[in-house]
Amino acid sequence: MTKREIADVLNDIATLMELKGENPFKIRAYSNGARKLETLDEDLGALIEEGALGDIPGFGKALVEKIETLYREGRLEFYDKLKESVEPGIVLMLEIPGLGAKKIKALHKALGVTSIEALQQACEDKLVADLKGFGKKSQEKIAEGIKNREAYGKRHLWWRARAVAEPILEGLLALPEVEKASHAGSFRRKREHVGDLDFIVASSTPAPVMDWFVAQEGVKEVTAHGETKASVRFESGLQADLRVVPPKQFSFALHHFTGSKDHNVLMRQRALARGLSLSEWGLKPADAESFEDSLEADSEEAIFALLDLKFVPPELREGLGEIEAAEGAGFPQLLKVGDLRGVFHNHTTASDGRASLEEMTEAAQELGWEYWGVADHSKASFQANGLNETRVLDQLDRIEKLNASKAYTTHIFSGNETDILPDGSLDLEESVLMRLDYVVASVHSSFSQTE
DNA sequence: GCCGTTTTCGGCCCGACTGTTTTCAGTCG
């Protein structure tokens, strides 16, 4: 099996264990292992040969053994047995909003449902509402979730999401109660596809902001409306979340909710290693009672600086090596977005045609770019992924010319199969070119803003 | 399952919100 296939198996194991009620930390160990494997630069076969797999943090005895078995034999008895013990329909139920492993288990135990169809029927027969821990609202929510599963589960093209996001951000900024506002999440990280929209607002009087937000045009459903947090669902299935925080917490909240999750975990670990505790509330001494004593940061730059890091642009915060790259002298010339000469960043694809870091650096140099990030698309891997190399390189050329005297940042290329919509409406090449078009547009806009 | 100048046990990020409860469990991010 390839690295990618093995990573998929580890992720499957984590999901199945969740449904079996395993220790959450054990589950996390498998998920971490899968992610580590996906982002591994070295050749897996070589690592196994050298017996060096266990030297990588996160791979202990048990994981090494399982990975080696999968690599050599292509199957794993432990996995096969685990898979047999869980109905496939049960796994699918995780896609229903509001349902997690525990509730699914409870439903299965009480009603014997093993498929989404059976669960839907149980809701129609009003069997769910009487269960302990469930009620009428839960039943309605599940039924609604099943009905809209397709729309809710799908990710939305960045540019379509932008059409919804921009008016909201403008509207928020125009409210008198709002001191600062920004989008966050995968939209701010400029992923090709975003799962939902996140907005962070700094305000001392949240209530009117919350009320304005849930009353947006096109809102189909208000799924949460608390004092500082609200969620709405639009007709398209796109969900938007708003969080209002006190102005002092704005930078921390913005960083936290921009993510990614993996990036945040690494940042928190980094803070802990310095005797500090980082959260959306602030950065405090680890032993301090509350975030009242938080260090102050009036920008994200300041947060990174407090952790001895150079600023990491949102587009690069994927937990794929950007933090190491931002350490001290890691990339002295790459201080912030505007200082970048060019950045070649890529989400992990771990495809078989993946280029090495060296190859990638070389490819970037050929284009006259600085290279930073975790990337795995070289010319060779374009071909391996069926991309039209000429068209892509034409686009790179356009960017290169635009950037002749100006710094910019980019975040391109996502070659991951998961980036293709279920209906196949976006193929790899289109995904890449769309991203490049976006980059060109943003370079244009940065020119017009600064000159 | 992983990890360790608090190392072989006992942590592992943590808070908002909801719906169900009557003080909390589950989900989510």
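What follows is calculated from the coordinates using simple rules that are stated; it is not laboratory data. Here the structure is a predicted model, which means the values were calculated and not measured.
Relative contact order for segment A:88-153 using alpha-carbon pairs under 8 Å, separation at least 6, rounded to a whole percent?
After rounding, I find 33 percent.
Compute the convex hull volume of the Cα atoms of segment A:88-153, divide it by the residue count, and report the result per residue in Å³ as a whole number.
72 Å³
At 0.36 nm per residue, and after removing the present C-alpha to C-alpha distance, how many nm does the segment from A:LEU306 to A:GLU177 gain when stretched out fully?
Gain in length upon complete extension: 43.5 nm.
Taking the square root of 5 times each eigenvalue of the Cα gyration tensor, what semi-axes in Å does the equivalent ellipsoid of segment A:29-100 have, largest first?
Over the Cα atoms of segment A:29-100, the ellipsoid semi-axes are 28, 15, 10 Å.
Which value in Å does the Kirkwood hydrodynamic radius of segment A:156-245 take, with 1/r averaged over all unlike C-alpha pairs and then inverted?
Across segment A:156-245, the inverse of the average 1/r is 12.8 Å.
Can you give the Rg to Rh ratio of segment A:87-204, both from alpha-carbon atoms, with Rh computed by the Kirkwood formula?
Ratio value, two decimals: 1.13.
Cα centroids of segment A:197-213 and segment A:24-59: how far apart, whole angstrom?
42 Å
Just subtract the alpha-carbon distance of A:GLN121 and A:GLU84 from 0.36 nm times their residue separation and send over the number in nm, one decimal.
Result: 10.9 nm gained on full extension.
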